[in-house]
Amino acid sequence: MDTAVIVVTVAVALAALVAIVAVAVIVGRPTAHVERPSAVLSSAFRRAIGVGLDSGTWESIEEALLEADVGVEATTHIVETLRRASPTEVGRAVEVLKEGLVTEMSARDRSLRLEGDPAVILVVGVNGTGKTTTIAKLANRLLKEDKTVLLAAADTFRAGAMAQLGVWGVRLGVRVVGGQEGGDPASVAYDSVDSARAAGTDVVIIDTAGRLHGQRNLMAELTKIHRVAGGERVDEVLLVLDATLGQNTLVQARQFSAAIPVTGVVLTKMDSTARGGIVVAVERELGVPVKLVGDGEGLDNLQPFDPVRFVDSLLENP
């Protein structure tokens, strides 16, 4: 297994240049702290209840929840809770809805488990979800917590992915271990963990391929990477999902969770364009917590997910 710290060769120079420009644009943009993940549920719900509650309100609320991508099962449960509470005032109906949404997301440990020596975080997801940028944001968070980090470029089949991660490594001042283009991704994962252990590095974050998530060969490759990276000793398997894709996000979630033991979800693009209710649907579907949300393009735009604050923002006045 002959891998090394990434050196951008002539063959990937163009891809590297593109990656450098993309990273520079992202880093140069002002941090956009988004206060409201989505106005869809807030506006739809308030439109449904109007100025009072009547016999048609429940069906309208159900439609509002579905419109916000909360999902059929969670919507049915929440609407039944509202019916049983029988609120007579709009304000109380909003409070009951908030309580129902928070309950759907309660009793989950959302902290990152980093107990290994080194701790290993495997990051998976479809290309285009913001997976590689999320890795950079996560590394940035860990560095601010005084942890040492190593990045593993295990998406060896896409030169641009290795180049992009290499550029982030330079900007963050962390080592990046990669391999030959088209080489064995599992070898990169294995050597990265081995190198981090020898150097006393705290955390290894492993990038993976994300093309054609429904194909068995890719899922088999992810299973192999997980096994050689430590198997059950892998601290976190984080699935990166694009919150703007709505119910299509659940299709991706099912595919990945069937192949590897996902421990947490990172939702990207959780800004005003996203239907925030997808958080509820994803957690009910996978049975694992949303641990982090990306709410902008800056390095600092990766936040721990807080259900109470999220629901408050979701239902605040649009």
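How much accessible area per residue does the stretch 54-179 have, counting only protein heavy atoms and a probe of 1.4 Å, in square angstrom? Mind dumping the intermediate values first?
Details: 5250 Å² over 126 residues.
Accessible surface, normalised per residue, equals 42 Å².
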About the Cα centre, charge dipole magnitude for the stretch 92-234 (Lys/Arg +1, Asp/Glu -1 at Cβ), debye
320
Identify, among 266, 282, 231, the residue whose Cα sits farthest towards the positive end of the charge dipole of the stretch 219-296, taking +1 on the Cβ of Lys and Arg and -1 on the Cβ of Asp and Glu, with the dipole about the Cα centre.
231
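Would you mind classifying the stretch 67-118 by shape? Square roots of the alpha carbon gyration tensor eigenvalues, ordered a ≥ b ≥ c; an a/c under 1.5 is rounded, otherwise it is prolate if a/b is larger than b/c and oblate if not. Before the final figure, lay out the partial values.
On the way: a/c = 3.67, a/b = 2.57, b/c = 1.43.
Note, shape of the stretch 67-118 comes out prolate.
Express the accessible area of the stretch 186-318 per residue in Å², computed with a 1.4 Å probe while the remaining protein chains stay in the model. Please report the intermediate quantities before stating the final value.
Values: 5120 Å² over 133 residues.
Per-residue value: 38 Å².
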Subset of 98/144; 98/147; 98/131; 144/224; 98/269; 224/291 violating a 27 Å alpha-carbon distance limit
98/144; 98/147; 98/131; 144/224
Would you please give the FRET efficiency between residue 224 and residue 306, computed as 1/(1 + (r/R0)^6) with r the Cβ-Cβ distance and R0 = 41 Å, to the nearest 0.05?
0.70
Counting only other residues whose beta carbon sits under 9 Å from that of residue 209, what net charge do I get with K and R as +1, D and E as -1?
-1
So how strong a dipole does the stretch 215-318 carry about its Cα centre when Lys and Arg Cβ are +1 and Asp and Glu Cβ are -1, to the nearest 20 debye?
540
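Carbon and sulfur atoms: what percent of the 1.4 Å accessible area of the stretch 184-253 do they account for?
Details: 1360 of 2810 Å².
Carbon and sulfur atoms account for 48 percent of the accessible area of the stretch 184-253.
The values are calculated or read from the model by the stated rules, or taken from the named source; none is laboratory data. Keep in mind the model is a prediction, meaning the values are calculated, not measured. Cβ sites come from the backbone with ideal geometry, for glycine too, and all protein chains shown count toward neighbours. Ligands, DNA and RNA are excluded from the accessible area calculation, which covers all protein heavy atoms including side chains. Shrake-Rupley method; radii C 1.70, N 1.55, O 1.52, S 1.80 Å.
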